[in-house]
Amino acid sequence: MFANKDKIILVYLRKLAYPNFMLAILLFLVLHWYLSLFFQTFFHHRYAAHRMFTMSPAWEKAFFILSFIFQGSSYIGVYAYGVMHRMHHAFADTEKDPHSPKYSDNLFDMMWKTKEIYSDVFRGRMKVEDRFVKEVPQWQKFEIMANSAIVRITWGLLYIGFYAIFATEWWMYLFLPIHFVMGPLHGAIINWFAHRIGYRNFPVEDTSRNILPFDFLMLGEGYHNNHHKYGARANFGGIKWHEIDPTYYIIRLFNWIGIIRLRRQAVL
């Protein structure tokens, strides 16, 4: 009798807390999406691959760690990302491009091929031209740890634990796979869709496109055609009045307070 009463009270309390629990799930999903994406576009892309700005060795280590914390189970190695992205620009939409939709039957096929090339670069199984590795930051011991299976599984269990506490409906658990593959998902959106849909400001030799007039979803990464035209430019937007690159304004703030130093050629 008392057990049933306790169960009824527990169900009532969970229903009472439902809006707050739902808000916690959505807030966690949104924060993970944008914080993971920010460190990928700021540190992996604009710093490691393109060297649009400089920073001290201490700040570089700090951003390695912050990228790991916010990307979590889908952490992408900075060195492997930098090398692959330079290859993408050099060989865009050719057979040597590590992730071109022209040479994949579907999105998942492209993601799998990208994963295979990533593993080969990360583990040193692929011979890479010197121009693709010059000045790409490396912290080998840290990245081996961050890319280990046990660490990825631990992150996954932490996400599941969070949902076990706050999820009040079964369908909320359907968000979990997004957390597990957050980094590769961000890359796939740009590498697939930004070469297939959207508009072009510049007639470049590849198929790059801008996928959103105002890139609220990808923090400026969606202005892919602009970026392929001006690869060294830190502001991916700004070609048309509605093209606002949120990451660029954070870069300017970091430059102003002295965390980084923008290179002259990155500011157009």
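Here are the numbers for this structure:
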item	result
Residue among Phe202, Phe193, Phe214 that is of a type in the set (Phe, Trp, Tyr) and under 22 Å from Trp112 (Cβ atoms)	Phe193
Residue within the range 179-189 that is closer than 19 Å to Asn106 by Cα, open to solvent by less than 20 Å² (accessible area, probe 1.4 Å), in contact (Cβ under 8 Å) with a residue 40 or more places away in the chain and in a loop (DSSP other than H, G, I, E, B) present	no
The range 129-157 - residue that is surrounded by 16 or more Cβ atoms within 10 Å (Cβ to Cβ) and of a type in the set (Val, Ile, Thr) and, of those, farthest from Gly72 (Cα to Cα)	Val136
Residues that are within 19 Å of the chain's Cα centre (by Cα) and among the small types (Gly, Ala, Ser), drawn from the range 135-169	Ala146, Ser148, Gly156
Among residues of the range 88-143, those that are assigned to a helix (DSSP H, G or I) and either under 19 Å from His50 (Cα atoms) or of a type in the set (Lys, Arg) (or both), counted	14
Restricting the range 190-212 to residues that are part of a helix (DSSP H, G or I) and in contact (Cβ under 8 Å) with a residue 24 or more places away in the chain, the residue that is nearest to Leu37 (Cα to Cα)	Ile190
Helices (runs of 4 or more DSSP H) wholly inside the range 1-75 that include at least 2 residues being out of contact with any Phe, Trp or Tyr (no Cβ under 8 Å at 6 or more places or on another chain) and modelled with pLDDT of 75 or more	18-39, 57-71
Positions within the range 225-249 being open to solvent by 60 Å² or more (accessible area, probe 1.4 Å) and not in a loop (DSSP other than H, G, I, E, B), in sequence order	Lys229, Tyr249
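The values are calculated or read from the model by the stated rules, or taken from the named source; none is laboratory data. Remember, predicted model here, so these are calculated numbers, not experimental data. Please note: Cβ atoms are built from the backbone with ideal geometry, for glycine as well, and neighbour counts cover all protein chains shown. Protein only, heavy atoms only, side chains kept; ligands, DNA and RNA dropped before computing areas. Shrake-Rupley method; radii C 1.70, N 1.55, O 1.52, S 1.80 Å.
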